Structure formats: C-alpha cells, structure tokens
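Structure record follows, encoded as structure tokens.
Laboratory data are not the source of any read-out in this text; all were calculated from the coordinates shown. Bear in mind that the values here come from a model prediction, so they are computed numbers and not experimental data. As a convention, Cβ positions derive from the backbone with ideal geometry for all residues, glycine included, and neighbour counts pool all protein chains shown.
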Amino acid sequence: MIPLLILSPLILLAALGAVWKARPVHAALLLALSLALVAVLYLTIGADFIGLVQFMVYVGAVAILIVFSLLITRPSDEAEEIQRRPRSMVTGLICTLPVLAVLLIALVKGDPLTLPAADAPPLSIARLGELLFTTHAPAVLAVGVLLTAVMIGAALFARDIEKPKSNQPEK
Amino acid sequence: MNPLALLLTLSSLLFALGLLAVLTRRNAILILVGIELMLNAANINFIAFWRYGPPDPELTGPMFVLFSIAIAAAEAAVGLAIILMVFRHTRSTDLNKLDSLHG
C-alpha cells in the first residue's frame, strides 16, 4: 500500500507534465517517465511479467518512436510553435470534467470497492504462458497477423513516395 | 482507502488527463501521447481488478493487458506512420492547419 501511495502521485505528476508542457519533446519524455512509473507500479503489486512487458514495449518502443517522430517532424518555426497556446483549454476542460466526474461517481458508488482485498498469488509466468498457448492460442495468432500487417502498412506509409513527375525524365 | 480504490482513482485521473491532452493539443503526435495515457489507464484497471478482486485462475486481467499492449504498440506505429505521411505532404503536424482533404 505504501509504494502505491508514493507511486500514484508521481505517475499523475508525470502525466500532467506530458499534457501540460509546451515543448513537444519534454511532453514525450514525461510520457516515457509516466509509463515507466506505471511499469514500476505493476512490479510492486505482483504483476512482474506485465511490468516488464510494459517497460519494454511502452518505454522501449512506443515512447522512443514518439520521440523520433518528433525529431523527424520538427517544425521550421519551433519558437512560434512553442509560444502558441494550446487549442481551447476551456472547451477541453468542459468536455473532460464530466467524464472524470462520471468515473469518480461510479467509483464511489460502485459495488466492487466493498470486496475484501483478496491476496492473489503473484503472477505466475508459467501459468501465463500455458494459458497463452492453449486457451488464447487463436488470439496470439491473430495478434501476430495484426503486427505483421502493421509492420508492412507502416513501412508502406512511411516510405518516400516519389513524385509522379520526377520519374519521367529518366531515360 | 483500500488499494483497489486507490488504483481505480489513479486510473480515472490518468484517463481524464489523456482525454484532456487529446482534446487540447495541437500537435498530432502529442494527441497520440494522450491516447497512450488513456490506454494505460485502462490497463491499470485490468491489473487492479485482477490483483485485488476475487481470485481468478484464468488470469483474465493480465491476459487482456498483454493483448492490449500489443495492440497499443501496433496503433502507435500506424498512427505515427500516418502522421509522418501527412507531414511530408503539408510540412506540418499542427491539426489546425490540416483542414483540407486535398492535402
């Protein structure tokens, strides 16, 4: 419980920075920090494998991907980009606060909170692997197909599209 | 406050922050940052209910999170590829400038 009490505000602070910081690279790095802290949270409550996967996939892949995209799409007028205020913050808050209120009301009124905190055994990787390749084998295959399609699709999207006119003068 | 309530509150706040980022950011890549925050909030819920809910030998929560992480990675890759393509056309990732289908 004590690690949770320490980690939760840190996660929220990092996420708040990711939402608030004007400089895009700072926001992306704070997102990476927030995701890494969530991984630590998983580790502390006994979901070791999920924490490690979170660390590798989110911090190692997604956050770095985002930082690299920011580097590639650097605007020519970065100073002006930073100066500009975000799109209407008021409208954003008007739309966000009801959602948060509904979530918190559901949290306060919900039944599951009255459950006794059962002490689940720590996540067994052997059991996880067994389930993954027996019960959930079709889903694993589907995710494999999905990731292959995504890899091909991303490569197709991101490749340099030659201009239609530039290939005419050849020969 | 029990740990489950704490984790669910954390996840609600994280979701709201992600939603705020999606609604207020101008840079398309930072909107993706908000989406990642919201996905993480959902994952925290799954783990919290698995850990502090009734015992579940089928490990439904962690299993769901594994697939969710895989699909989130795929979504980020495709999203960023699309943003790169748009950037190549318009030299900008500012969504306020992307108001024409002609590119």
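A few notes on this one:
- Tail weight of P(r) past 15 Å, computed on alpha-carbon pairs of chain B, percent: 68 percent
- Considering only B:37, B:21, B:7, the residue lying farthest towards the positive end of the dipole of the protein assembly as shown is B:21, judged by Cα position with unit charges set on Cβ.
- Shielding by other protein chains, B:38-50, mean Cβ within 10 Å: 4
- Debye log10 I(q)/I(0) for the protein assembly as shown, one point scatterer per Cα, at q = 0.17 Å⁻¹: -1.37
- Considering only B:29, B:82, B:47, the mean-square fluctuation computed in a Gaussian network model of chain B, springs between alpha carbons under 10 angstrom, is largest for B:82.
- Listed by Cβ neighbour count within 10 Å, with the fewest neighbours leading, A:73, A:134 appear as A:134, A:73.
- Net +/- balance of residues flanking residue B:59 in space, Cβ distance below 10 Å, scoring K and R +1, D and E -1: -2
- Taking the helices alone, the protein assembly as shown has a mean residue ellipticity at 222 nm of -23500 deg cm²/dmol, built from -39,500 (n - 2.57) per DSSP H run of at least 4 residues and averaged over all its residues.
- Likely footprinting exposure, A:5, A:13, fewest C-beta neighbours within 10 Å first: A:5, A:13
- The fewest-to-most ranking of B:89, A:136, A:26 by surrounding Cβ atoms within 10 Å reads B:89, A:26, A:136.
- Whole-angstrom gap from segment A:25-73 to segment B:69-103, using each part's C-alpha centre: 21 Å
- Considering only B:46, B:15, B:87, the mean-square fluctuation computed in a Gaussian network model of chain B, springs between alpha carbons under 10 angstrom, is largest for B:87.
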